[in-house]
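K.L.:
I am attaching a structure below and will ask some questions about it afterwards.
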Amino acid sequence: MIRVTPAGLYCERGGFHIDPVAPVARAIITHPHGDHAVRGSARYLSTPSCAGILQQRMGAMARVDTLQYGESLTINGVRVSFWPAGHVLGSAQVRVEDRGETWCVSGDYQTTPNATCEPFEPVRCDTFITESTFGRPIFRWPPLDEVMNGVHEWWKANQSAGKASFVYVYSYGKAQRLLSLLDPAIGPIFAHEEIRAINEHYRRAGIALPQDLPAETALTPDLWSRALVVLPPSVRWKPAFPFHGHFEAAFASGWMLLPSEHKRRRMSTGFVLSDHADCEGLLEAVRGTEAERILVMHGYAREFASQLSGLGCNATAIQIPGSPTPPAIPDDKPIAETASCRPSGR
Ligand SMILES: [Zn+2]
Ligand SMILES: [Zn+2]
């Protein structure tokens with residue numbers, strides 16, 4: 001029903017692509033992160049809460065239609081619907097039904113609670129196409145309150161040392177999640193304009209975020225040593241505001257579990273905060289679909305598919321054009337020996 005083409009996942013009978021990597025006639029978008037939405041398609045379809053950001057990113061002239069979660073649209077006889085993916089505000093899994101057969105394309109997803117987006121819902125289907133960004137057993141997220149404790153203690157220690165605290169984090173989704181979890185009683189919170197623009201989309205959708213001051217104009221010398229500044233990784237080497245003193249920098253990402261990534265990003269401090277499922281979350285999602293067949297894309301596709309095969313699933317890795325190769329994990333245990341990822345009773 002859905003196959004990989006040079007432009008990405010394609011449903012031939014429906015005549016549409018899902019998250020195409022090149023311009024197409026009809027693009028169904030799980031969420032407008034850069035690796036899921038590219039400019040130049042004739043038509044786009046997304047959830048209403050993604051549509052504002054999608055429109056901004058695809059350009060004012062792009063035609064963006066919307067479909068609510070749970071409602072269905074029939075395209076050339078094929079029924080399409082969106083289901084919450086728990087990744088960023090408005091992110092969706094795409095359910096595709098044709099002649100009694102159901103497929104689901106996950107997009108990016110997270111199964112654990114995130115106050116800044118709609119909770120993940122498992123979709124029953126015959127074939128599930130899952131992402132596997134963190135599909136190695138080493139990726140097991142620490143409890144969220146432990147991570148946030150670490151952030152808050154680091155912020156307070158920097159204050160005592162008279163330094164500002166810079167946290168680098170992806171501007172759409174992760175930044176809002178981090179902001180929603182910060183304790184504003186500790187000190188003033190600043191954000192880069194790119195992040196503040198996306199915060200406005202979130203607030204309009206009813207998501208509560210603490211007050212975020214503009215880093216470019218409001219970060220004055222008297223506030224410097226108490227400030228926590230949330231910044232996109234892209235501005236790391238070209239700061240967007242005047243400096244008034246010393247600072248400490250940290251990166252918040254699931255990749256911070258890998259020591260090699262600290263080194264690559266030249267970061268001494270990392271907080272393990274992700275908006276993707278960890279390895280167990282991926283397994284839990286796969287089980288929830290009760291699918292007969294699993295196709296695995298993005299990230300550790302080959303390794304995660306072989307892990308699923310080892311558990312008795314009919315799983316195959318697929319290669320989406322342009323999908324980057326994830327970092328090698330030389331010291332990870334062989335998948336078969338890692339008991340933590342085995343489901344209980346299947
Ligand atoms: Zn994403
Ligand atoms: Zn992605």
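K.L.:
Any residue in the stretch 147-169 that is assigned by TED's automatic domain parsing to the domain that holds G245 and within 16 Å of ligand 1 (Cβ to nearest atom)?
P.N.:
The answer is yes, given that some residue of the stretch 147-169 is assigned by TED's automatic domain parsing to the domain that holds G245 and within 16 Å of ligand 1 (Cβ to nearest atom).
K.L.:
Could you tell me which numbered condition M61 fails, if it satisfies all but one of (1) surrounded by fewer than 24 Cβ atoms within 10 Å (Cβ to Cβ); (2) in contact (Cβ under 8 Å) with a residue 12 or more places away in the chain; (3) closer than 20 Å to S41 by Cβ; (4) more than 16 Å from ligand 1 (Cβ to nearest atom)?
P.N.:
(2)
K.L.:
Here's something else I'd like to know. With respect to S106, is the statement that it is touching a residue at least 12 places away in the same chain (Cβ under 8 Å), away from ligand 1 (no atom under 16 Å from the Cβ) and of a type in the set (S, T, N, Q) true?
P.N.:
Criteria not met by S106.
K.L.:
Residues being closer than 19 Å to R196 by Cα and among the basic types (K, R): count how many of those fall in the stretch 219-255.
P.N.:
2
K.L.:
Please state which one of T74, T102, T30 is outside the structural domain of R203 (by TED's automatic domain parsing) and either within 16 Å of ligand 2 (Cβ to nearest atom) or part of a loop (DSSP other than H, G, I, E, B) (or both).
P.N.:
T30
K.L.:
With a cut-off of at least 2 residues that are touching a Phe, Trp or Tyr at 6+ places or on another chain (Cβ under 7 Å), modelled with pLDDT of 95 or more and surrounded by 13 or more Cβ atoms within 10 Å (Cβ to Cβ), name the helices (runs of 4 or more DSSP H) lying wholly within the stretch 251-346.
P.N.:
279-289
K.L.:
I've got another one for you. For the stretch 33-69, give me the residue count where each residue is among the acidic types (D, E) and either more than 22 Å from C117 (Cα to Cα) or within 16 Å of ligand 2 (Cβ to nearest atom) (or both).
P.N.:
Going through the stretch 33-69 one residue at a time, the tally reaches 1.
K.L.:
Please find, among G173, G100, the residue that is surrounded by 19 or more Cβ atoms within 10 Å (Cβ to Cβ), under 25 Å from G288 (Cβ atoms) and among the small types (G, A, S).
P.N.:
Exactly one of G173, G100 is surrounded by 19 or more Cβ atoms within 10 Å (Cβ to Cβ), under 25 Å from G288 (Cβ atoms) and among the small types (G, A, S), namely G173.
K.L.:
Quickly run through the stretch 258-307 and pick out the residues that are within 30 Å of Q159 (Cα to Cα) and either out of contact with any Gly (no Cβ under 8 Å at 6 or more places or on another chain) or among the hydroxyl-bearing types (S, T, Y) (or both).
P.N.:
Matches in the stretch 258-307: L258, P259, S260, K263, R264, R265, R266, M267, S268, T269, G270, S274.
K.L.:
Find all pairs meeting these conditions: Cβ atoms under 6 angstrom apart; at least six residues apart or on different chains; first residue within the stretch 127-148 and closer than 22 Å to V105 by Cα; second residue surrounded by fewer than 16 Cβ atoms within 10 Å (Cβ to Cβ) and basic (K, R).
P.N.:
Partner pairs satisfying both residue conditions: T127/R293.
K.L.:
Among the candidates E200, E216, single out the residue that is out of contact with any helix residue (DSSP H, G or I) (no Cβ under 7 Å at 6 or more places or on another chain) and acidic (D, E).
P.N.:
Values: E216 fails: out of contact with any helix residue (DSSP H, G or I) (no Cβ under 7 Å at 6 or more places or on another chain).
From the options E200, E216, the qualifying one is E200.
The values are calculated or read from the model by the stated rules, or taken from the named source; none is laboratory data. All figures in this text were calculated on a predicted structure; none of them were measured in a lab. A quick note on method: Cβ atoms are made from the backbone with ideal geometry, for glycine too, and the neighbour counts reach across all protein chains shown.
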